[in-house]
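First the structure, in the form of structure tokens, and then the observations on it.
Please treat every number below as a calculation from the coordinates, not as lab data. Just so you know, these numbers come straight off a predicted model, no measurement behind them. Neighbour counts run over all protein chains shown; Cβ positions are idealised from the backbone, glycine included.
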Amino acid sequence: MRPIRSRTANTTLETPLWIPQSLWIPGGLIHANIATATLFSATSGSSVATAATVASVATPQAERLGYDPKLFSGAIAAGGTLGIMIPPSINLIVYGFLTETSIPQLFLAGLTPGFVLA
């Protein structure tokens, strides 16, 4: 049995007609991808999974809208690295285990910088 790809990703990334042009932000797709990477990395805790998921969904839309591939790839990579800082980070758990540091304190220490960078 093969999974069938739905059109949900394509339709959610398209700009609805009811949004006025006064709300248009230059580089809006990049901003949306950083926000998506922040939320996904906070959920998964993995930088690689975050970057792969956001890139696979957003790259076709970026190509369609004419974004520079180098700029867009850099923004995806930067958004993917947020998974290291925002809890529950796999790297923070491993670091806390190896150094015998309190993992909840590491999570608290990673919240503010992670969301400020986002």
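As a ratio to 2.2 N^0.38 Å, the alpha-carbon radius of gyration for the stretch 27-117 is 1.17. Hey, for a label at residue 117 modelled as a point 7 Å past Cα toward Cβ, could you say which residues of the stretch 34-66 have their backbone N under 18 Å away? In the stretch 34-66, the label zone of residue 117 (backbone N under 18 Å from the point 7 Å along Cα→Cβ) covers 34-55.
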